[in-house]
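See structure below.
Just so you know, all these numbers are worked out from the coordinates, no wet-lab data involved. Remember, predicted model here, so these are calculated numbers, not experimental data. We place every Cβ from the backbone using ideal geometry, glycine too, and count neighbours over all the protein chains shown.
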Amino acid sequence: MTRKFFFLLLILTTTLVWGGTVPFAEAVSLPSIQLGMDDVEDPEKVSSALQILFLLTILTLAPSILILTTSFARIIIVLSFLRQAMGTQQTPPTQILIGLGLFLTLFVMGPTWTEINDKALQPYLNEEISQTDALKQAEMPLKTFMLKQTREKDLSLFIEISGENPTTNEEIDIRSLIPAFIISELKTAFQIGFLIYIPFLILDMVVASILLSMGMMMLPPVLISLPFKLMLFVMVDGWYLTVGSLMRSFGG
């Protein structure tokens, strides 16, 4: 009886599927997609399409531009050094450090971005200048900021490799300035990180020496020194000192 029931069910299902295929295909019309290249009579359509493509490219590279042309790299590296020096593993969480780094970057880059908005973005949106002029106007404040933070030795290295011979800051190519700016930022961040490490390293050495003199060699010194690191950091108001030193380091 069971076999007959399943056999009848199979026949009924097959009949419904094959019987309903043709009406369903006739009822639903699928759209056709065509790809091709046709002649365009209106040059403005081509210009608009290229501008949209350029804008999408800029949006794709926005994270790299934020990291490589602003103060974000130095700030986040110093904050990461601070967390490692305290030995708190994932405290504060990475999301909090990145968020703090972004807002500190907004604070540092505020005057530069305001100048870019006044001299390049607003005139371009008001159709007072062309797109090429807007890019040139936006490039100058960014160059001024990066040149203040870039060592002459690093800048000379990339200018020499590129074979350029600029006589003024305006003639320096942005392609040579960005990598010089980044390696200068990395050196500055590592210097600040070294200074941050010193007091915590001394505290670790003192705790390790005390434990060794007491014969407690099986007890990890980091486990004992962590509360003292946190107490020291809170007593000296470490976040105030660290963030204040970071902000002042961009004053030059």
With +1 on the Cβ of every Lys and Arg and -1 on the Cβ of every Asp and Glu, the dipole magnitude of the stretch 166-252 about its Cα centre, in debye rounded to the nearest 20, is 300 debye
Looking at the square roots a ≥ b ≥ c of the eigenvalues of the Cα gyration tensor of the stretch 101-208, which shape do they give, rounded for a/c under 1.5, prolate if a/b is larger than b/c, or oblate?
-> oblate
Would you mind getting me the FRET efficiency between Ile52 and Leu102? Use the beta-carbon distance for r and R0 = 25 Å, nearest 0.05.
-> 0.40
One finds, for Ser64 and Met217 with R0 = 35 angstrom and r their Cβ-Cβ distance, a FRET efficiency to the nearest 0.05 of 0.15
Assuming R0 = 30 Å, can you tell me the calculated FRET efficiency for the pair Ser209 and Met231, based on Cβ-Cβ distance, to the nearest 0.05?
-> 0.95
Would you count, across the stretch 85-195, every pair of lysines whose alpha carbons are under 15 angstrom apart, provided the pair is eight or more residues apart or spans two chains?
-> 4
Quick one: putting +1 on the C-beta of Lys and Arg, -1 on the C-beta of Asp and Glu, what dipole do you get for the stretch 93-252 around its Cα centre, in Debye to the nearest 20?
-> 760 debye
Ranked from highest to lowest mean number of other Cβ atoms within 10 Å per residue, what is the order of the peptides 151-162, 65-76?
-> 65-76, 151-162
Along the Cα-to-Cβ line of Glu139, 7 Å from the Cα, sits a label point; which residues in the stretch 169-186 have backbone N less than 19 Å from it?
-> 169-182
Top positive-direction residue, dipole computed over the stretch 147-209 with Cβ charges, set Leu203, Ser156, Ile178 = Leu203
